[in-house]
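Everything on this sheet refers to the single structure shown next.
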Amino acid sequence: MMKTKAGMATSMRRHFGYEERTAYLFIAPVMAVLGLVAVFPIAYSFYLSFFQIKLTRPNRTPFVWFDNYLELFGDQLFWTAVLRTVSFTVMSVTAITFLALLAALLLNETFRGRRLVSTVLLIPWAIPYVADALMWKWIYDSGYGALNGLLYQLGFIDKYMIWLGDQNKTLPLIANAFVWKEVPLATILLLVSLKSIPADLYQAARVDGAPLWQRFIHVTLPSMRTGFMLVMIYETMMAIRHFDLFFILTEGGPGTASHVLSWEIYVETFRNLSFGTGAAMSYLLALVTFALAYFIIRTLGRSV
């Protein structure tokens, strides 16, 4: 028995030498902080999702198992928020991917002023979301907004319009602000994929007599699959859980026109003070996000 313990100790020292033990010693505080500020809140919120916790009655918190989740599945407002979230995500990710591809193709070419264009393109990415939301709120303003002024001067409208007060326009307008902020990062990711395409592939396509559009379809797009996968995963996750623009631009309005899942979680948790239902909704949102990421990876990453 003593030999076995001695052998185990020798094996441990062999695998965890001085450098390894020193590395773990330095990493331990970081892991402890991450566990405290990240892992514990996630685990605790999952625990709360099985309780009916409402701060208006703090002394009554019954354990309800999956009732919070089942209650959400039967809530029409929840499904309406899901549909709006899907609509916002599809609009945003489609526009971001398309515009980023155009920008990446442009920046991949050599032309005068390319560095200036690259610098200007990065400006939206450098602006915080709160500042971005305030800027677009001023642009969309019905009294002094730049959008109304521009369209009025060009003759497209004959009077100033209340843009964010129209339920049919609210979601696309918020998506527009989101796209403006996210396109630069997506462009960088696609540009990196574009730069990594071997020149031999294009030379072989030219030798075979393939015109420009065929080289784009059969060489460029397939070679950029990794970039598209990264863009779609990241931007989908950002769009699904986005909150800042909805809070500053509309606060879920007009009416319930911009009630997406992230806004519903905020309302349920911090306005209705129903922490159990809010936690359950958050975990449903997280599961959907992971499922979509897995689907994108399985679809686009199959041949990567």
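The values are calculated or read from the model by the stated rules, or taken from the named source; none is laboratory data. Keep in mind it's a predicted model, so treat the numbers as computed, not measured. When we count neighbours, we look across all protein chains shown, and the Cβ atoms used for this are built from the backbone with ideal geometry, even at glycine.
The requirement of being assigned to a helix (DSSP H, G or I), out of contact with any Asp or Glu (no Cβ under 8 Å at 6 or more places or on another chain) and either surrounded by fewer than 12 Cβ atoms within 10 Å (Cβ to Cβ) or assigned by TED's automatic domain parsing to the domain that holds Leu189 (or both) is satisfied by Glu19. Taking each residue of segment 137-153 that is over 13 Å from Ile174 (Cα atoms) and assigned by TED's automatic domain parsing to the domain that holds Leu245 and looking for partners that are of a type in the set (D, E, K, R) and exposed (fewer than 14 other Cβ atoms within 10 Å of the Cβ) with beta-carbon atoms closer than 9 Å, six or more apart or interchain, yields Asn148/Lys159; Tyr152/Asp158; Tyr152/Lys159. Restricting the first member to segment 102-115 and to residues that are outside any helix (DSSP H, G or I), and the second to residues that are surrounded by 15 or more Cβ atoms within 10 Å (Cβ to Cβ), the beta-carbon pairs closer than 9 Å and six or more apart or on different chains are Asn108/Leu191; Asn108/Leu194. Against the numbered list (1) surrounded by 21 or more Cβ atoms within 10 Å (Cβ to Cβ); (2) assigned to a helix (DSSP H, G or I); (3) not hydrophobic (A, V, I, L, M, F, W, C), His242 comes up short only at (2). Can Ser87 be described as surrounded by fewer than 18 Cβ atoms within 10 Å (Cβ to Cβ) and either within 23 Å of Ser223 (Cβ to Cβ) or in the same structural domain as Phe228 (by TED's automatic domain parsing) (or both)? Judged against the criteria, Ser87 is a match. Please tell me if Ala28 is at pLDDT 80 or above, surrounded by 10 or more Cβ atoms within 10 Å (Cβ to Cβ) and either charged (D, E, K, R) or more than 30 Å from Thr277 (Cα to Cα) (or both). When the stated conditions are applied, Ala28 passes them.
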